[in-house]
Amino acid sequence: MAITETSRSSHELPVTTFGSTTSTAKKLTLVPLIFLIYFEVAGGPFGEEPAVQAAGPLLAILGFLIFPFIWSVPEALITAELSTAFPGNGGFVIWAHRAFGAFVGSMMGSLKFLSGVINVASFPVLCVTYLDKLFPVLESGWPRNVCIFASTVVLSFLNYTGLAIVGYAAVVLGLVSLSPFLVMSAMAIPKIKPHRWGSLGSKKKDWNLYFNTLFWNLNFWDNVSTLAGEVDNPQKTFPLALLIAVIFTCVAYLIPLFAVTGAVSVDQSRWETGFHAEAAEMIAGKWLKIWIEVGAVLSSIGLFEAQLSSSAYQLEGMAELGFLPKFFGLRSKWFNTPWVGILLSALMSLGLSYMDFTDIVASANFIYTLGMFLEFASFVWLRKKLPELKRPYRVPLNIPGLVVMCLVPSAFLVLIIVFATKIVYLVSGLMTVGAVGWYFLINYLREKKIFEFNEDADLLDNGNGERKKVEDHHDSR
């Protein structure tokens, strides 16, 4: 593997390819990283509506107020500490590997990748769901399927053109897609009746839909860890970007939720995905409905790009660690992007995009939940196993405090599992068995030398274009 380092600015990194050398590529800076994290997690209040349908306005508001402290903040803190300690593109795969060895590292990689591509599959569906409110022909049949296929292909190509382009595109998409919600919320103020916020709804609670909606809208904070090797000065940039992104994301959910639940009184069953657009028409008129629907399409583009990037760079990181054959880490000669990872992620998400949207979300949540149990365990165990490991950002708790911090969101993960449907158990069970089988298949391929693997799995990228053993990456605390 040839590594070439040329004269470069602080915002560039040497691009590593297997068997060849290419020019430098720009690193992600603070603002693009904030918006990439935002799109990894949310992308706007699109998709929060089913929480009201499931449990009424009060519980929906409480959910988006409380859940960030139960789930989002702990996950962001873990991501900040471990991404700065291990700033390589393997992200959570590196963490599990260093904590528990190759099998757990492989399982973590497989589970997280599967949940990622399932999640990616949901965004073209969400995009077309908003478009069909403008163009009813897209509601079903071959026009809808063609639209999903075409949007997946075009957006995958945009991802292929480079992460820096995707990062700055995320900034523009984020600001433009949020602007109609700010207008709607401002125009809703005179119509708000605060007593509506206290409603528990008029129908039986659908806890499966409620918890999955909260979880889907506020998880995946750790996905950005797979891009750590592409970030400028990750030790300082990551913690700040995560802090701003957590605040930004929660506010972006809550303001429209307060505005619409307070200003609009409709049957609870109408609060399905896409209702914000209908509410905008009730509050201000057809023009705002169209603006929000356009914003939803732009948001879906940002969500797709951010999460496809994470999945693709995760595969590259796993190839560097020796969990996948070397060709999974191949980069494009033109754009220096991991084209094999992008292609495989896009193809898998395309195949999954024809599932029912609710089943897509629930399956992504279930598999992600299994990966998060491994992540929490890896986080705590690394504190015990490598106490002197250099941690530029360190969660200010001792090991018992970390255990408590992880137990609280773990209890929520149990709820996700308990309330899953039969189809979700089936899909998730098959994928989990497949992940175990994949580990043994890869070992077989390595032993028979059918593909070339990187055997230096103990060497991790330190984020500066150099390679260094993790055991030597210490400081004297």
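Checking every residue in the stretch 317-326 against the condition of being touching a residue at least 60 places away in the same chain (Cβ under 8 Å), of a type in the set (A, V, I, L, M) and part of a helix (DSSP H, G or I) gives at least one match. Screening M348 against (1) open to solvent by 20 Å² or more (accessible area, probe 1.4 Å); (2) without any contact (Cβ under 8 Å) to a residue 60 or more places away in the chain leaves a single unmet condition, (2). Each residue in the stretch 141-197 was checked for being open to solvent by 30 Å² or more (accessible area, probe 1.4 Å), closer than 27 Å to V117 by Cβ and free of Cβ contacts under 8 Å to residues at least 24 places away in the same chain, and 10 pass. Take the conditions over 17 Å from V117 (Cα atoms), surrounded by 22 or more Cβ atoms within 10 Å (Cβ to Cβ) and aromatic (F, W, Y) and apply them to Y313. Does it pass? Considered against the rule, which asks whether it is over 17 Å from V117 (Cα atoms), surrounded by 22 or more Cβ atoms within 10 Å (Cβ to Cβ) and aromatic (F, W, Y), Y313 comes out as no.
Residues in the stretch 274-310 that are open to solvent by 10 Å² or more (accessible area, probe 1.4 Å), part of a loop (DSSP other than H, G, I, E, B) and not aliphatic (A, V, I, L, M): G285 alone.
Annotation: of all residues in the stretch 81-112 being among the small types (G, A, S) and outside any helix (DSSP H, G or I), the one that is modelled with the highest pLDDT is G101.
Which members of the stretch 77-135 meet the condition of being among the polar types (S, T, N, Q) and under 29 Å from F440 (Cα atoms)? Explain how you work it out, then say what you get.
We begin by selecting, within the stretch 77-135, every residue among the polar types (S, T, N, Q); these are 79, 83-84, 89, 106, 110, 115, 119, 122, 129.
Result: T79, S83, N89, S106, S110, S115, N119.
Close contacts from the stretch 411-434, counting a first residue that is closer than 23 Å to F103 by Cα and a second that is assigned to a loop (DSSP other than H, G, I, E, B), with Cβ to Cβ under 9 Å and a gap of 6+ residues or different chains, come to V427/M355; S428/A420.
Taking the stated definitions as given, is L389 in contact with a strand residue (DSSP E or B) (Cβ under 8 Å, 6 or more places away or on another chain), closer than 24 Å to V93 by Cβ and at pLDDT 80 or above?
Details: in contact with a strand residue (DSSP E or B) (Cβ under 8 Å, 6 or more places away or on another chain): yes; closer than 24 Å to V93 by Cβ: yes; at pLDDT 80 or above: yes.
Spelling it out, L389 is indeed in contact with a strand residue (DSSP E or B) (Cβ under 8 Å, 6 or more places away or on another chain), closer than 24 Å to V93 by Cβ and at pLDDT 80 or above.
Scanning the stretch 428-477 for residues that are modelled with pLDDT of 80 or more and β-branched (V, I, T), we see that the one that is nearest to the chain's Cα centre (by Cα) is T432.
For residues that are open to solvent by 10 Å² or more (accessible area, probe 1.4 Å) and of a type outside the set (D, E, K, R), tally how many sit in the stretch 253-270. Step through it out loud before you land on a result.
If we filter the stretch 253-270 for residues that are open to solvent by 10 Å² or more (accessible area, probe 1.4 Å), which is where we start, we get 254-255, 258, 263-270.
Filter once more, keeping what is of a type outside the set (D, E, K, R): 254-255, 258, 263-266, 268-269.
Of the residues in the stretch 253-270, 9 are open to solvent by 10 Å² or more (accessible area, probe 1.4 Å) and of a type outside the set (D, E, K, R).
Considered as a group, the residues in the stretch 113-153 that are out of contact with any Leu (no Cβ under 9 Å at 6 or more places or on another chain) and within 30 Å of V436 (Cβ to Cβ) include one that is modelled with the lowest pLDDT, and that residue is V125. For the stretch 369-416, the set of residues classified as open to solvent by 30 Å² or more (accessible area, probe 1.4 Å), in a helix (DSSP H, G or I) and not aliphatic (A, V, I, L, M) consists of F373, W381, K384, K385, P400, listed by residue number.
The condition of being without any contact (Cβ under 8 Å) to a residue 60 or more places away in the chain and not in a helix (DSSP H, G or I) holds for only one of V251, V266, that being V266.
The values are calculated or read from the model by the stated rules, or taken from the named source; none is laboratory data. Note that the structure is predicted; figures quoted are calculated from it, not measured. Heads up, the Cβs are rebuilt from the backbone with ideal geometry, glycines too, and the neighbour counts pull from every protein chain shown. Each accessible area value is taken on the protein alone, full model and side chains, heavy atoms only, with ligands, DNA and RNA left out. Shrake-Rupley method; radii C 1.70, N 1.55, O 1.52, S 1.80 Å.
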